[in-house]
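The values are calculated or read from the model by the stated rules, or taken from the named source; none is laboratory data. From a predicted model like this one, the values you see are computed outputs, not experimental measurements. Reconstructed Cβ throughout: ideal geometry from the backbone, glycine too, with neighbour counts over all protein chains shown.
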Amino acid sequence: LTGVLDDCLCDIESIDDFNTFKIFPKIQKLQERDYFRYYKVNLKRPCPFWADDGHCSIKDCHVEPCPESKIPVGIKAGSANKYSKAANNSKELEDCEQANKLGAVNSTLSNQSKEAFIDWARYDDSQDHFCELDDERSPDAQYVDLLLNPERYTGYKGPSAWRVWNSIYEENCFKPRSVYRPLNPLAPSRGGLGSVCLFSWTGLCLEKRVFYKLISGLHASINLHLCANYLLEETWGKPRWGPNVKEFTHRFDPIETKGEGPRRLKNLYFLYLIELRALSKVAPYFERSVVDLYTGNGHEDAESKALLLDIFKDTKSFHMHFDEKSMFAGDKKGAKSLKEEFRLHFKNISRIMDCVGCDKCRLWGKLQTQGLGTALKILFSEKEIQSLPENSPSKGFQLTRQEIVALVNAFGRLSTSIRELQNFKVLLQRTR
């Protein structure tokens with residue numbers, strides 16, 4: 001892959017260099033810190049679209065929940081959803097409990113004012129979310145240590161997995177009219193499913209092209225993770241995981257994918273640019289002194305925030321960002337309608353993640369979908385972020401701790417995908 005990406009003025013080589021030498025090492029370190037490694041998720045929510053066809057019985061599909069004793073006290077104790085030290089002060093627990101009753105989640109700090117909590121709760125309830133959010137108070141919601149449950153090949157495939165992606169592409173995605181989706185050998189033939197066809201964006205506006213590319217890029221990224229962390233052999237109960245060049249070729253080679261593979265990888269780069277842009281846009285939210293990445297360990301929290309701000313500095317230094325101002329820029333009525341259609345389509349896709357039969361795939365699908373949804377929320381909230389007060393509650397714009405963890409880890413997965421792509425390039429050259 002070389003050259004400039006469609007719908008933006010950025011070339012692939014620049015992204016490769018920027019990711020390899022600046023972003024990847026730092027985002028890896030950040031993901032290892034306590035604030036970002038523990039993610040609360042409900043893996044027992046029923047599929048809202050079709051009858052459950054059974055969960056994956058393969059042992060590698062299993063997710064090991066984290067015991068409460070392992071969760072940092074600042075994340076779980078008192079007002080567990082708050083992420084600033086001030087919000088965890090015991091003298092304000094009464095206000096926090098009141099806020100929880102009202103539906104407020106993760107306000108940045110407590111202003112010792114019940115009225116402020118009520119305002120945040122009211123705003124949070126009315127806020128447009130791009131994702132279906134898990135209820136963290138549900139007894140089925142559990143903390144998961146992401147470092148102990150890495151995303152990798154599980155063996156989950158077949159009709160159940162295809163059904164999920166088919167529903168995403170065919171029912172909830174704006175797609176080029178010439179692309180038959182998914183390229184599924186199990187699906188009945190429909191005018192040459194998976195055959196060579198001309199790729200045309202005719203009739204799709206920029207916003208719908210962007211939406212399709214985001215979903216395709218997410219799909220490509222997930223496939224790359226599976227190829228890079230594949231079960232190569234299992235001898236005497238000791239599995240060996242590593243890159244599988246044959247699997248990579250099967251999913252991305254131009255000939256084997258009828259020309260689709262390279263486009264999928266370009267969409268991965270496009271998705272990377274979108275989430276990179278969101279990180280640069282949200283920096284002012286975290287640069288305020290009132291925001292702590294609170295776990296209860298003051299030294300670690302300070303280091304985590306310093307590392308996050310350092311990453312933001314790098315994202316701002318990138319000179320070829322995607323310009324989201326070109327989206328929804330038509331007449332106000334039409335733009336508003338299209339934006340709402342965009343949001344509802346994506347929200348539906350986040351609900352489809354509850355239909356994934358493999359728990360580990362479901363965990364990482366939900367996290368990466370929520371991360372992308374958070375990125376979109378940021379890009380559509382630029383004015384609110386720019387007008388945030390330095391030392392008072394974030395009434396105009398808020399992020400929950402779950403959204404912050406998902407945003408960073410989702411971008412970390414994209415950074416890893418692009419890094420793994422460089423590894424596969426080297427491995428392919430060796431095999432030729």
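Condition check ((1) assigned to a loop (DSSP other than H, G, I, E, B); (2) touching a residue at least 60 places away in the same chain (Cβ under 8 Å)) across all residues:
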| position | (1), (2) |
| --- | --- |
| R209 | no, yes |
| L214 | no, yes |
| N223 | no, no |
| F248 | no, yes |
| E256 | yes, no |
| I274 | no, yes |
| V282 | no, yes |
| F286 | no, no |
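E340 meets the conditions (1) without any contact (Cβ under 8 Å) to a residue 40 or more places away in the chain; (2) more than 29 Å from W50 (Cβ to Cβ); (3) not β-branched (V, I, T) in every case but one. The failed one is (2). Does the stretch 80-94 contain at least one residue that is modelled with pLDDT of 85 or more and either farther than 30 Å from L273 by Cα or assigned to a loop (DSSP other than H, G, I, E, B) (or both)? No; the residues of the stretch 80-94 include none that is modelled with pLDDT of 85 or more and either farther than 30 Å from L273 by Cα or assigned to a loop (DSSP other than H, G, I, E, B) (or both).
Residue by residue, here is whether (1) surrounded by fewer than 19 Cβ atoms within 10 Å (Cβ to Cβ); (2) within 27 Å of V144 (Cα to Cα); (3) of a type in the set (A, V, I, L, M) holds:
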| site | (1), (2), (3) |
| --- | --- |
| I378 | no, yes, yes |
| I385 | yes, no, yes |
| A410 | no, yes, yes |
| S417 | no, yes, no |
| V426 | yes, no, yes |
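Does the stretch 37-51 include one or more residues that are closer than 30 Å to R263 by Cα and either in contact with a Ser or Thr (Cβ under 9 Å, 6 or more places away or on another chain) or among the basic types (K, R) (or both)? Looking for residues that are closer than 30 Å to R263 by Cα and either in contact with a Ser or Thr (Cβ under 9 Å, 6 or more places away or on another chain) or among the basic types (K, R) (or both), one finds at least one in the stretch 37-51, hence yes. Of L293, L268, all but one fail to be crowded, with 22+ Cβ neighbours inside 10 Å and in a helix (DSSP H, G or I); the exception is L268.
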